[in-house]
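For reference, the structure I am asking about is given below.
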Amino acid sequence: MTTSERSRSVLRFASPQYFYPLAGKLAPWFAALAVVLTLAGLWLGFFVAPTDATQGEVYRVIFIHVPAAWMSMFIYLVMAFWSAVGLVMNTRLSFVMSQALAPTGAIFCFLALWTGALWGKPTWGAYWVWDARLTSQLLLLFLYFGFIALTRAIEDPRRADRAGAIIALVGAVNVPIIYFSVNWWNTLHQGASVSLTKAPSMAATMLAGMLVMAIAAWMYTIAVVLWRVRPMILERERHTEWVGTVLEKELQAVAANKGGRA
Amino acid sequence: MLSTFLAVLRRDLLLAWRGRADVLVTLAFFVIVVCLFPFGVGAEPNQLRAIAPGVLWVAALLACLLSLHRLFAQDYADGTLEQLLLSREPAAVWVMAKVLAFWLSTGLPVIAVAPAMALLLDLEQGGLSVLVLSLTLGTPILTLLGAVGAALTLGLRGGGMLLALLVLPLFVPVLIFGAGAVEAEVSGSGALAHLLLLGGGLAGAVALAPWACAAALRISTE
Amino acid sequence: MQWESWSAFWDMGGAAIFVWGSYAVTFGLLALELVLVFQRRRDTTRRLLRWRRAVGKEVGKHDGGEFEPALESER
């Protein structure tokens, strides 16, 4: 493939030089969508959705709890996906993507645990029960910590990329096994005193609020990851001409900003 | 291929024999961790009996973890690893040999001592054979998974703690089925399902982990 | 409308601390994440500018030669 052919194909966005400005242009739009959807979701959740018959008002935690839990699992899968792409196709950008995703995934994972604990206290009477879902979520958080710690501990970016990719894939293979084993363990040890089944019927407005919040979490994730990946790209590509141009522009923008304020 | 496997296995076992002090340290660690529990939870026999399977398994798991960082460290330091990676043999073969030698020199002694420690915790006699069996099926999985982590953290500052952080979440299923097997046997519901799952896990780990470990070693030595 | 008054809304049927505790921590953490991301962006730009000045005009001509000054670490 010649350079001109390459620059015309969609694949060119896999090259850092094209991806960097694209990410900068797209991120604010996703952020704006996230804000709008969050407001809509909160309005649905707090003012339209009715009081739950059995749980009262406290169930309203669900509008962040479930999206956070979904996001944390999904982000891990996306991380593993980019890691696999990076290892197979040898594209540097893929590794950077998976590393930019990890902190956000870990934050959502923690939030799912935190909101789960606050929800659990009034409904189960304890902040923490060793329920299968909660326990798997906790282990997922540890997997995130492992990935982040490993990629940060390695100085050489090439090695950090690949080592991170391997541990992300090993983790992804193990997630279903962990979930299965924790479920098994849970059914053996959990007494009948604590019933964790959610109310089977959910008002349509509750579901709508939850889904809107889930999409908002998606948009937020995309925006923040695009913002996080940009400086990472600059750092990796610091030897190239185009990064120099980008940095000069940045410098001018900062100078203009200062002049305007003075 | 078999000759490479046997040669590496022999060499590593010989090295392990020469450095047998390390093996004794692992073993002592296992014994001491088990002995700590009565001090922590009280020496009430019924309580000890109830926690015995979990305590023995957690102690074995930690003993396994403690020694893991040694798996490739020496070969990495003296350049043997690079030579092996340059050889034309598939890396998974000699990785498997190294892991097996490592398990024989650290896992096996722990398994041998485990029944004695079980008696200290007053585990019922019927559980002893299942304990040994579950450890025999389970600790190789720990070593195989741990080998991937050891390969990834090779030569890193604070590698030991990092290794623990990486592999401990992956050890959880093994712990659940291993300790669960003993408990199921003692409580009379039969350990077969647990042991079969452990066996399946071992087969899966043997099939996949050496490849992942070989890839990780390549990345770490580049 | 679900609520009789604003105070009823803030009270959340007696579960105020659990509901608002969840939401406060969630939005607080996400805001913190955004702040950190933008801080990192600013720091990286400054660091790279300093680095490029140190490297001088050699940048772009070669791909990281032996004389290249080390990039300051992140923290």
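The values are calculated or read from the model by the stated rules, or taken from the named source; none is laboratory data. Note that the coordinates shown come from a computational prediction; the quantities given were computed from them, not determined experimentally. Here Cβ is always computed from backbone atoms with ideal geometry, including for glycine, and neighbour counts include all displayed protein chains. Heavy atoms of the whole protein, side chains included, go into the accessibility calculation; ligands, DNA and RNA do not. Shrake-Rupley method; radii C 1.70, N 1.55, O 1.52, S 1.80 Å.
Roughly how much of A:PHE180 is accessible, in Å² to the nearest 10, using a 1.4 Å probe?
Around 100 Å² of this residue is reachable by solvent.
Also: If you fit an axis through the alpha-carbon atoms of helix A:16-43 and take the longest principal axis of the Cα set of chain A, what angle between them do you get, 0 to 90°, nearest 10?
It works out to around 30 degrees.
Is the shape of region B:27-66 best called rounded, prolate or oblate, per the rule: a/c under 1.5 gives rounded, else a/b larger than b/c gives prolate, else oblate, with a ≥ b ≥ c the square roots of the Cα gyration tensor eigenvalues?
On the way: a/c = 3.15, a/b = 1.83, b/c = 1.72.
Since a/c reaches 1.5 and a/b is larger than b/c, the shape of region B:27-66 is classed as prolate.
Okay, next question. Would you mind giving the three semi-axes, in whole Å and largest first, of the ellipsoid equivalent to chain A according to its Cα gyration tensor?
Working: eigenvalues 307, 122, 49 Å².
After diagonalising the Cα gyration tensor, the semi-axes are 39, 25, 16 Å.
Counting only pairs 8 or more residues apart or on different chains, how many lysine pairs in the protein assembly as shown have their Cα atoms under 26 Å apart?
Numbers: A:LYS25/A:LYS249; A:LYS25/A:LYS258; A:LYS121/A:LYS198; A:LYS249/A:LYS258; A:LYS249/C:LYS57; A:LYS249/C:LYS61.
Count of close lysine pairs: 6.
Still on this structure, I have one more. How crowded by other chains is B:159-172, given as the mean number of beta carbons from other chains within 10 Å of each beta carbon? Before the final figure, lay out each step's value.
Working: counts 1, 0, 2, 6, 2, 1, 9, 11, 3, 3, 13, 12, 1, 11.
The per-residue average across the peptide is 5.
Within 10 Å of each Cβ of A:236-243, how many other protein chain Cβ atoms are there on average? Please report the intermediate quantities before stating the final value.
Details: counts 0, 1, 10, 11, 3, 3, 1, 4.
Other-chain Cβ atoms within 10 Å of each residue's Cβ, averaged: 4.
In the protein assembly as shown, what is the volume of the convex hull around the alpha carbon atoms, normalised per residue and reported in Å³? Spell out each step's value before the answer.
Details: hull volume 115.5 nm³, N = 559.
Dividing the Cα hull volume of the protein assembly as shown by its residue count gives 207 Å³.
Moving to a separate point now. What is the sum of charges, Lys and Arg at +1 and Asp and Glu at -1, for the other residues whose Cβ falls under 14 Å from the Cβ of A:GLY209?
Values: positive: A:ARG60; negative: A:ASP52, A:GLU57.
Combined, the nearby Lys, Arg, Asp and Glu give -1.
Still on this structure, I have one more. What FRET efficiency do you get for A:LEU207 and C:ASP11 if R0 is 30 Å and r is their Cβ-Cβ distance, rounded to the nearest 0.05?
Working: r = 25 Å, r/R0 = 0.84.
Here the calculated transfer efficiency is 0.75.
Determine the dipole magnitude for chain A: charges of +1 sit on the beta-carbon of Lys and Arg, -1 on that of Asp and Glu, nothing else is charged, the reference point is the Cα centre, and the result goes in debye to the nearest 20. Before the final figure, lay out the partial values.
On the way: 20 positive and 12 negative charges, 90 e Å.
With Lys and Arg at +1 and Asp and Glu at -1, about 440 debye.
Which whole-number percent is the relative contact order of chain B (Cα, under 8 Å, 6+ apart)? Display every interim value, and only then the final one.
Numbers: 253 pairs, mean separation 59.6, N = 222.
Relative contact order here is 27 percent.
Okay, moving on. Taking the full set of protein chains and a 1.4 angstrom probe, give the accessible area of B:THR136 in square angstrom, rounded to the nearest 10.
Ignoring ligands and nucleic acids, B:THR136 comes out at about 50 Å².
Can you tell me the dipole magnitude for the protein assembly as shown around its Cα centre, using point charges on the Cβ only (Lys, Arg +1; Asp, Glu -1), in Debye to the nearest 20? Let's see the in-between values first.
Values: 41 positive and 34 negative charges, 363 e Å.
Taking the Cα centre of the protein assembly as shown as origin, the dipole is about 1740 debye.
Return an integer: the convex hull volume of the alpha-carbon atoms of chain B, in Å³ per residue. Can you show the working numbers first?
Values: hull volume 25.4 nm³, N = 222.
Once divided by residue count, the hull of chain B is 114 Å³.
Let me ask something else. Can you find, among B:LEU62, B:THR143, A:ALA217, the residue farthest towards the positive end of the dipole of the protein assembly as shown? Put +1 on the C-beta of Lys and Arg, -1 on that of Asp and Glu.
In the protein assembly as shown, that residue is A:ALA217.
Ignoring the sites themselves, what is the longest stretch of chain B with no trypsin sites (Lys or Arg not before Pro) in a DSSP loop and at most 14 other beta-carbon atoms within 10 Å?
On the way: sites that count: B:ARG88, B:ARG157.
Free of exposed loop sites, the longest segment is B:1-87.
Given the Cα-Cα distance of C:GLU4 and C:LEU36 and 0.36 nm per residue of separation, how much length would full extension add, in nm?
Values: separation 32, 0.36 × 32 = 11.52 nm, distance 3.97 nm.
So the extension gain works out to 7.5 nm.
Measuring from label point to label point, each 7 Å out along Cα→Cβ, what is the A:ARG158 to A:ASN183 span in nm?
Once both label points are built, they end up 4.3 nm from each other.
Give me the dipole magnitude in Debye, nearest 20, for region B:2-221 about the Cα centre, with unit charges on the beta carbon: positive for Lys and Arg, negative for Asp and Glu. Intermediate results must be reported in sequence, preceding the final value.
Details: 10 positive and 11 negative charges, 118 e Å.
With only Lys, Arg, Asp and Glu charged at Cβ, the dipole is about 560 debye.
Which angle between 0 and 90 degrees, to the nearest 10, do you get for helix A:132-153 versus the longest principal axis of chain A when only C-alpha atoms count?
20 degrees
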